[in-house]
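Enquirer: Right, I'll just put the structure down here and ask away after.
The values are calculated or read from the model by the stated rules, or taken from the named source; none is laboratory data. What you are looking at is a predicted structure, and each value in this text was computed from that prediction instead of being measured. In this analysis, Cβ positions are derived from the backbone assuming ideal geometry, glycine residues included, and neighbour counts consider all displayed protein chains.
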Amino acid sequence: MSLQSLPMLFLARVYVTLKPGVNDPPGLAVLGGLKNLGYASVRRVRLGKYLEVYLDAPDRATAEAQVTEMCRRLLANTVIEDFRFDLSEEPRLTKPQADP
């Protein structure tokens, strides 16, 4: 199989954050730590998650749909978290690795 016949490789940079109004105890702990270190100008800290997901897809629209579904089903708790992602096509340097 040639590299041209392989699906496109995409990188989704996924950002998951707490929805406004959701309590964030870890963010408060980091805020307290920063204040203790002398960073008095810091007013608020909210913690979240950052993920990089590499996926094969035939086109950008399919990749976007798959990442959205991944976020809704697993990567974010949509009751208390919001998500967004940036999607970029990545160069395919070698053939895909076999599943373990």
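Enquirer: Would you point out which residue out of Val16, Val22 is in a strand (DSSP E or B), of a type in the set (Val, Ile, Thr), modelled with pLDDT of 95 or more and within 21 Å of Leu74 (Cβ to Cβ)?
Expert: Val16
Enquirer: Test Leu34 against the stated conditions and say whether it is surrounded by fewer than 13 Cβ atoms within 10 Å (Cβ to Cβ), among the aliphatic types (A, V, I, L, M) and without any contact (Cβ under 8 Å) to a residue 12 or more places away in the chain.
Expert: Here the answer is no, as Leu34 does not meet what is asked.
Enquirer: Considering only residues that are outside any loop (DSSP other than H, G, I, E, B) and of a type in the set (Gly, Ala, Ser), look in segment 25-48 and name the one that is nearest to the chain's Cα centre (by Cα).
Expert: Here the residue is Gly48.
Enquirer: Pick from Leu47, Leu75, Leu87: which is touching a Pro at 6+ places or on another chain (Cβ under 7 Å), modelled with pLDDT of 95 or more and surrounded by 13 or more Cβ atoms within 10 Å (Cβ to Cβ)?
Expert: Selected residue: Leu47, the only one of Leu47, Leu75, Leu87 that is touching a Pro at 6+ places or on another chain (Cβ under 7 Å), modelled with pLDDT of 95 or more and surrounded by 13 or more Cβ atoms within 10 Å (Cβ to Cβ).
Enquirer: Sort out which residues of segment 60-72 are surrounded by 13 or more Cβ atoms within 10 Å (Cβ to Cβ) and of a type in the set (Gly, Ala, Ser), and write them in order of number.
Expert: Listed by number, the list holds a single entry, Ala63.
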